[in-house]
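Written below as structure tokens is the structure these notes are about.
The values are calculated or read from the model by the stated rules, or taken from the named source; none is laboratory data. Every value quoted in this text rests on a predicted model; they were computed, and no experiment measured them. A quick note on method: Cβ atoms are made from the backbone with ideal geometry, for glycine too, and the neighbour counts reach across all protein chains shown.
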Amino acid sequence: MPNDPAHTHDRPIASPASGESGRPAGPSIRLEIRSNPLFLSAAREMIAAATRRLGFAEEACSQMALAVDEALCNIIRHGYNRDPARPIWISLYPQGNGWGEAGRGGGVQDPALSGETVCSGSSCSPCRAGRASDGNGGAGGAAISTHPASLRIVIEDEAIQVDPAVIKSRDLQEIRPGGLGVHIIKSVMDEVKYEHRQPKGMRLTMTKVRRDPAHIHRDGYCDSAGPPAPIVGGSAGDETGSGGTHG
Amino acid sequence: MADPRKGGEGMTVRSEQREGAIFVAPVGDVDLTASPVLRNELKRVQAGRPERLVIDLSQVPYMDSSGVATLVEAMQVSRKNGSKLVLCGMQSKVKSIFEIARLDTVFTIVPDAASAMTS
């Protein structure tokens, strides 16, 4: 964060407050695109940039961008039969560690209540600089900060509804082109769920648990206490958890 | 060197003959937009039934399942023609999708173009 003269951490990606009303927290990012393949690269770049900002390891960021790309391709090809003008919505819901929880405003920073901040990941230069400057943890005032424990990505469309039970990975023993998208999505994400969207269309909900350790900050510097407990179950997935140390 | 074919997102494909082999080198992301361009170029060069077809992926930072499907098609054509198909220069992100699809052991994958001539 070379352009941060105040030496403060980045704010979480903005999201609407919600917890006080008892409603589920809204998405931190919601993007609507047309079903044109030309926009696939933009969607990939958005996912990679946002997930990197949320503290996921680089490999996990690439995996989530790939999963979203594959999901969009399936909608474009099969759901909309390559009609390039139909809507697709992509929503990101950071979960856990103060994100998306009741009273936490879905991840909005509330210094008066919690003093939480979110660092910029393994390249968190403010933390390193602050620690070096005062020898005691750097910028004061911040109590505890952390990245979300997981990210839920929801992709919705208005395509023809199909039975979610028929959306399956194909047998990989059969070497043939096509049919790999669902397998890829299920391989790189921890949870995957297809369902009907009301009043029409389909909804794909995918969750990725962040396994990058040492992203909790205490008193303005990076704490080595280890990763927060995941709030979503699932297999170990493919993430290696590289990175996560802050210098 | 043949004229580069260009995809909708700016991906280009260059083909050339080198020491008895045909080298095809896509440059850029191979996704749903670009895959048809690569597919057409592979069909074109495979129509000449080359003994060895080398697909140089060293300048492909990203590939999705449509790109993988294109290469599977090319492999099937090569087998039918009795020719050798080799992938070289694969970047880590691209290699991971082959591993996920369990195709990394199906294709002949080598590190670089020099290895592709002897594999």
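Computed quantities for the displayed model
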{"read-out": "Subset of the range A:147-181 that is among the hydrophobic types (A, V, I, L, M, F, W, C) and within 11 Å of another protein chain (Cβ to nearest Cβ) - its residue that is nearest to residue A:92 (Cα to Cα)", "value": "A:180"}
{"read-out": "Residue count, the range B:40-71 (criterion: surrounded by 20 or more Cβ atoms within 10 Å (Cβ to Cβ) and within 13 Å of chain A (Cβ to nearest Cβ))", "value": "10"}
{"read-out": "Filter result (within 13 Å of chain A (Cβ to nearest Cβ), over 9 Å from the mean Cα position of the chain (by Cα) and of a type in the set (Gly, Ala, Ser)) within the range B:72-89", "value": "B:78"}
{"read-out": "Selected residue (criterion: farthest from residue A:150 (Cα to Cα)) from residues of the range A:69-85 that are within 10 Å of chain B (Cβ to nearest Cβ) and assigned to a helix (DSSP H, G or I)", "value": "A:77"}
{"read-out": "Residue match in the range B:61-70 (condition: under 20 Å from residue B:18 (Cβ atoms) and either among the hydrophobic types (A, V, I, L, M, F, W, C) or not in a loop (DSSP other than H, G, I, E, B) (or both))", "value": "no"}
{"read-out": "Failed condition for residue B:30, given (1) out of contact with any Asp or Glu (no Cβ under 8 Å at 6 or more places or on another chain); (2) under 24 Å from residue A:39 (Cα atoms); (3) more than 10 Å from chain A (Cβ to nearest Cβ)", "value": "(1)"}
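Every residue, every condition in (1) modelled with pLDDT under 95; (2) over 12 Å from the mean Cα position of the chain (by Cα); (3) away from chain B (no Cβ under 14 Å), yes or no:
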site: A:35; (1), (2), (3): no, yes, no
site: A:53; (1), (2), (3): yes, no, yes
site: A:59; (1), (2), (3): yes, yes, no
site: A:97; (1), (2), (3): yes, yes, yes
site: A:103; (1), (2), (3): yes, yes, yes
